Every structure is written in C-alpha cells, then in structure tokens.
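Structure first, commentary second.
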C-alpha cells in the first residue's frame, strides 16, 4: 500500500514522496478470514480538528510526526520544494517535516476541512517541549 509522505531533507526542505507500507495476510479479527495488514505502529495521541473555510496558515513545520485522515472538505499543501498536492475526503498522508521550514496549508472552497490526526512517537533530533505539542 502506498501512503503519501511529507518529509524533509538534511537542509530542512520538505518534499512529498510515496511511502510503501508492506502488507502481509494475517487473521486480524478471527474468526473472520485473513486479510492484508501492516505491522502495528505505535501512536501517542489522537485528535480531531477543523480547518475553517478560508483558513490559510503561514509556512510551518508539522508540530510532531503524525498521520492525517481527511473526512471532508478540500485542502492544498505546498511542500518546501514548491510541489503542491490537494487533498479531499478519504485522503491519508504522513507528515514528518518537523524540524525545517515546513509546508503551507490552505483550505480550498467554501467547506470546512475535518481531519483526524494520529500523533506518532518523536524520533531522535525532533523538537522537544512546547514545540512538539
């Protein structure tokens, strides 16, 4: 399975890339039949947020490593290298641009964007304290 990944290089410039997540057949919910499933990844939190229609933020790094799930609305994300992606309902992307200049997010259209964010454990070198909310 491919998941869009927003990461950064050694110079702190963010880039989009497809991240291949390996899946293996396993009995996830016996007695239901086995299905393709990834390895379990640890998470440290879950939050829900709404980006109001018309919202646009300044360029910023992700507050922590996280995976976003879009439930409704449309948004535009511009990576530090200038590449632009648009996301809508059903989109999933992983954000790990935590230390550099980051990315810019803009809500598109007249509808709010509703997201669920799964926060991931910090990695060595990640910002700490108040910066890593």
Across the stretch 55-98, which residue is farthest from the chain's Cα centre (by Cα) among those that are under 25 Å from residue 124 (Cβ atoms) and loosely packed, with under 15 Cβ neighbours inside 10 Å?
81
Contacts under 7 angstrom Cβ, first residue in the stretch 1-30 being free of Cβ contacts under 8 Å to residues at least 12 places away in the same chain, partner surrounded by fewer than 13 Cβ atoms within 10 Å (Cβ to Cβ) and not in a strand (DSSP E or B), 6 or more apart
26/34; 27/34
Filter the stretch 25-43 down to the residues that are in contact with a strand residue (DSSP E or B) (Cβ under 7 Å, 6 or more places away or on another chain) and closer than 27 Å to residue 123 by Cα and list them by number.
37, 43
Here are some conditions: (1) modelled with pLDDT of 95 or more; (2) under 24 Å from residue 125 (Cα atoms); (3) part of a loop (DSSP other than H, G, I, E, B). Residue 10 meets all but one. Which one does it not meet?
(1)
So which of 75, 19, 46 is modelled with pLDDT under 95 and in contact with a strand residue (DSSP E or B) (Cβ under 9 Å, 6 or more places away or on another chain)?
19
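Going by what's in this entry, would residue 107 be described as crowded, with 17+ Cβ neighbours inside 10 Å and under 24 Å from residue 41 (Cα atoms)?
no
The values are calculated or read from the model by the stated rules, or taken from the named source; none is laboratory data. On a predicted model such as this, the values are computed, not experimentally measured, just so you know. No Cβ is skipped: glycine too gets one built from the backbone with ideal geometry, and neighbour counts run over all protein chains shown.
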